[in-house]
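Q: Here it is, the structure in full.
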Amino acid sequence: MTVAVAVVCGLLGLAVGSFLNVVIYRVPRKESVVRPRSRCPGCGTQLADRDNIPVFSWILLRGRCRTCGEPISARYPLVELGTAALFVSAALRFGLDWVLPAYLVFFAALVAVTFIDLEHYIIPNRIVYPTLFVSVPLLVLAAAAQNEWSELLRAGEGAALAWGFLLVVHLIQPRGMGFGDVRLAAVLGLFLGWLDLRHVFLGMFLGFLFGSVSSIVLVVMRRRGRKDQIPFGPFLAAGAVAAVLFGSPIINWYSPG
Ligand SMILES: [Zn+2]
């Protein structure tokens with residue numbers, strides 16, 4: 001059964017990843033994500049359906065536009081494959097559970113946040129607010145369907161905790177931690193809190209760990225100066241994903257019984 005759910009989620013992930021490519025390109029440019037249809041950024045030709053199939057079109061076209069031959073960024077298939085992999089992981093983690101759709105929305109949002117923050121150094125409200133708008137009702141639905149009201153309460157606590165924690169970091173170090181990160185933390189806290197509050201701490205800890213290690217590596221490799229800005233959203237996102245997928249084994253190993 002779980003295998004069937006994983007396969008369905010994987011295919012869904014490819015389709016959602018294709019939409020996320022549109023979101024990642026257009027939201028920072030303040031364009032509509034619904035219209036018009038996707039165009040080649042090089043020549044402006046509208047993509048035919050056959051050239052708009054996730055991953056496969058990119059491979060068949062060898063990463064170039066059919067009309068003008070302009071290279072198409074490897075980010076497109078990467079986002080699609082990454083989203084599919086995250087959706088499969090969520091399916092394997094939760095199985096056929098009422099809470100699964102909410103976590104798919106969560107993971108999809110994290111993919112968009114990661115790639116937008118890497119390129120533009122912002123975490124747009126146009127990602128964070130719609131994510132909350134969709135996922136909070138999904139969590140309430142899951143709580144109602146499975147009588148998991150204590151999980152829902154903890155999700156609220158987790159959101160408040162993570163938001164408050166990053167707010168303090170932001171006030172101390174406004175250059176290193178933008179307010180977009182603070183808003184994102186509320187979303188992370190919500191989903192980690194649903195699992196339990198230890199997951200909130202673990203997720204934040206891993207986010208800061210990934211962020212610090214990467215900063216040190218970049219400075220040592222002289223890819224970045226010590227004072228250059230490094231986007232923090234991708235690390236928070238990676239920490240949260242790691243905590244959702246592997247948090248329980250890590251926590252049990254660290255504090256048995
Ligand atoms: Zn073109």
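The values are calculated or read from the model by the stated rules, or taken from the named source; none is laboratory data. All of these numbers come straight from a predicted model, not from anything done at the bench. Here the Cβ positions follow ideal geometry from the backbone for every residue, glycine too, while neighbour counts run over all protein chains shown.
Q: Which ones in region 96-144 are under 16 Å from Ala240 (Cα atoms) and either aromatic (Phe, Trp, Tyr) or touching a strand residue (DSSP E or B) at 6+ places or on another chain (Cβ under 8 Å) (or both)?
A: Tyr103, Phe106, Phe107, Phe115 - these are the residues of region 96-144 that are under 16 Å from Ala240 (Cα atoms) and either aromatic (Phe, Trp, Tyr) or touching a strand residue (DSSP E or B) at 6+ places or on another chain (Cβ under 8 Å) (or both).
Q: Further question: Could you pull out every one of the helices (runs of 4 or more DSSP H) wholly within region 131-235 that has 3 or more residues that are surrounded by fewer than 16 Cβ atoms within 10 Å (Cβ to Cβ)?
A: Hits in region 131-235: 149-172, 197-220.
Q: Does region 38-52 contain at least one residue that is over 18 Å from Ser89 (Cβ atoms), among the small types (Gly, Ala, Ser) and part of a helix (DSSP H, G or I)?
A: Within region 38-52, none of the residues are over 18 Å from Ser89 (Cβ atoms), among the small types (Gly, Ala, Ser) and part of a helix (DSSP H, G or I).
Each row is one residue, and each column tells you yes or no for (1) away from the ligand (no atom under 13 Å from the Cβ); (2) of a type in the set (A, V, I, L, M, F, W, C); (3) in contact with a Lys or Arg (Cβ under 7 Å, 6 or more places away or on another chain); (4) closer than 19 Å to Phe235 by Cα.
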position	(1), (2), (3), (4)
Leu47	no, yes, yes, no
Pro77	yes, no, no, no
Leu86	yes, yes, no, yes
Leu92	yes, yes, no, no
Phe107	yes, yes, no, yes
Val113	yes, yes, no, yes
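Q: When only residues in region 56-81 that are in a loop (DSSP other than H, G, I, E, B) and within 24 Å of the chain's Cα centre (by Cα) count, which is surrounded by the fewest Cβ atoms within 10 Å (Cβ to Cβ)?
A: Looking at the filtered set, the residue picked out is Ala74.
Q: Taking region 21-40, which residues are of a type outside the set (Phe, Trp, Tyr), under 24 Å from the mean Cα position of the chain (by Cα) and either at pLDDT 90 or above or within 12 Å of the ligand (Cβ to nearest atom) (or both)?
A: Asn21, Val22, Val23, Ile24, Arg26, Val27, Pro28, Arg29, Lys30, Glu31, Ser32, Ser38
Q: Here is a follow-up. If only one of Ile24, Ile53 is surrounded by 11 or more Cβ atoms within 10 Å (Cβ to Cβ) and more than 21 Å from Ile116 (Cβ to Cβ), which one is it?
A: Details: Ile24 fails: more than 21 Å from Ile116 (Cβ to Cβ).
Going through Ile24, Ile53 in turn, just one is surrounded by 11 or more Cβ atoms within 10 Å (Cβ to Cβ) and more than 21 Å from Ile116 (Cβ to Cβ): Ile53.
Q: Identify the residue in region 105-130 that is outside any helix (DSSP H, G or I) and of a type outside the set (A, V, I, L, M, F, W, C) and, among all such residues, is surrounded by the fewest Cβ atoms within 10 Å (Cβ to Cβ).
A: Tyr121
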